[in-house]
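Enquirer: Got a structure for you, written out below as structure tokens; questions coming shortly.
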Amino acid sequence: MTTPFSSQFACINPDCGHTAAVTDVIFRCPECNDLLEVQHDRAAWMSARTGDQWKELFRDRWGTVERPWYSGVWGKHEWVLPEVRPENIVTFGEGATHLFPADRLASRLDCGPLWIKMCGDAHTGSFKDLGMTVLVSAVKQLRADGVDVPAVICASTGDTSAALAAYGAAADIPTIVMLPAGKVSTAQLVQPLAN
């Protein structure tokens, strides 16, 4: 599958201007050591569909049971990470979690209807699923393209480790979770070990 949409890493330092492919395994700008952000080719989005057509596409994907579109993240694939082919997307339907009414809080704040999004309402119990689906899908794509990425690793005592363990297992990618000795509760240990 080829797509007219693309994204790239860009240094956040306006004096630097360095860019790199989102498939490059880098963590900081190699020129100035500043942070990187993902920039999307918005002109391609605007020329491909009208705003109403984008809304219709996203509305059609919402609530489907078809993989990967049932994900609240990947239902907007073209706007997330178009470099990942759909067959390499690793998803558990994250982001399509419920909105909960908060009537009493809305009354206290005198703000009218108020709904709260519970992103941790997922099988991992972690809100980090929203980003981890993108990271692990990108790694799965890299591996499918022949890039040598032997494993994924994180240092975390909670949400990140739970999400990485689950998504790494689903993608069949070796996963390493580093936990500080004597600083992790049993509940924090169970989350990554469950996967």
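The values are calculated or read from the model by the stated rules, or taken from the named source; none is laboratory data. Remember, it's a predicted structure, so these values are computed and weren't measured experimentally. All Cβ positions, glycine included, derive from the backbone under ideal geometry; neighbour counts span all protein chains shown. Remember, those area values only see protein heavy atoms, side chains included, never the ligands or the DNA or RNA. Shrake-Rupley method; radii C 1.70, N 1.55, O 1.52, S 1.80 Å.
Enquirer: Go through the stretch 43-59 and report how many residues are exposed (fewer than 11 other Cβ atoms within 10 Å of the Cβ) and either part of a helix (DSSP H, G or I) or modelled with pLDDT of 95 or more (or both).
Expert: Total satisfying the criteria: 6.
Enquirer: Here's another thing I want to ask about it. Give the stretch 1-42 a look and list any residue that's closer than 26 Å to residue 87 by Cβ, surrounded by 12 or more Cβ atoms within 10 Å (Cβ to Cβ) and hydroxyl-bearing (Ser, Thr, Tyr), or say none.
Expert: Answer for the stretch 1-42, where residues must be closer than 26 Å to residue 87 by Cβ, surrounded by 12 or more Cβ atoms within 10 Å (Cβ to Cβ) and hydroxyl-bearing (Ser, Thr, Tyr): 3, 6, 7, 23.
Enquirer: Among helices (runs of 4 or more DSSP H) lying entirely in the stretch 92-191, which contain 1 or more residues that are closer than 29 Å to residue 25 by Cβ?
Expert: So the answer is 129-144, 159-171.
Enquirer: Quickly run through the stretch 127-169 and pick out the residues that are open to solvent by less than 10 Å² (accessible area, probe 1.4 Å) and under 12 Å from the mean Cα position of the chain (by Cα).
Expert: Once the filter is applied, which keeps residues that are open to solvent by less than 10 Å² (accessible area, probe 1.4 Å) and under 12 Å from the mean Cα position of the chain (by Cα), the stretch 127-169 yields 129, 133, 136, 137, 163, 164, 167.
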